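Step one of this worksheet: look at the structure below.
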Amino acid sequence: MNPWMRDDRVVSAEADAFAADHARRLGLLSKANPLYRSAAAAFAEVAGEVPSTHPHTRIALIMAAITCFMRVGEEKEA
C-alpha cells in the first residue's frame with residue numbers, strides 16, 4: 001500500500017465514512033452528514049497532494065471524496 005492510503009487523514013476519513021454509513025442506515029442523518037463532510041474534505045485534501053505519477057491513487061481518493069459529498073447532497077463540492 002502506498003503512503004497516501006496510509007496517511008492518518010485517510011485512515012480517519014475511512015472510519016468517518018464507515019460510521020456515517022452506519023448512522024445513515026439507522027436514519028440518523030444529523031449524525032451521518034457531518035461525518036460524510038469531514039471524510040470528503042480529508043479525502044480531497046490528500047488527493048490534492050498525490051502526484052500525477054500515481055493516477056490510480058489520486059482517482060481512488062477523488063472518488064471517495066465525491067461519494068461522501070454526494071451522500072450529503074453537495075453536488076457542487078463533488
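The values are calculated or read from the model by the stated rules, or taken from the named source; none is laboratory data. Everything quoted here is computed from the prediction, not taken from an experiment. A quick note on method: Cβ atoms are made from the backbone with ideal geometry, for glycine too, and the neighbour counts reach across all protein chains shown. Note: areas computed on protein heavy atoms with side chains; ligands, DNA, RNA excluded. Shrake-Rupley method; radii C 1.70, N 1.55, O 1.52, S 1.80 Å.
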Length gained if Glu45 through Lys31 is fully extended, taking 0.36 nm per residue and subtracting the Cα-Cα distance, is 2.8 nm
Pairing the Cα long axis of helix 29-47 with the longest principal axis of the chain, what angle in degrees results, from 0 to 90 and rounded to the nearest 10? 10
Portion, in percent, of the accessible area of region 5-65 that falls on carbon or sulfur, probe 1.4 Å: 61
Work out Dmax and Rg for the chain from the C-alpha atoms and quote the Rg first, both in angstrom. 12.3, 41
Can you give the charge dipole size of the chain about its Cα centre, rounded to the nearest 20 debye, using +1 on the beta carbon of Lys and Arg and -1 on the beta carbon of Asp and Glu? 220
Accessible area (Å², per residue) of the chain, counting only protein heavy atoms and a probe of 1.4 Å: 62
Which longest run of the chain has no exposed loop site in it, a site being trypsin sites (Lys or Arg not before Pro) in a DSSP loop with at most 12 other beta carbons within 10 Å, and the site itself not part of the run? 7-75
Around Ala17, with a cut-off of 14 angstrom between Cβ atoms, what is the net charge of the other residues, counting Lys and Arg +1 and Asp and Glu -1? +3
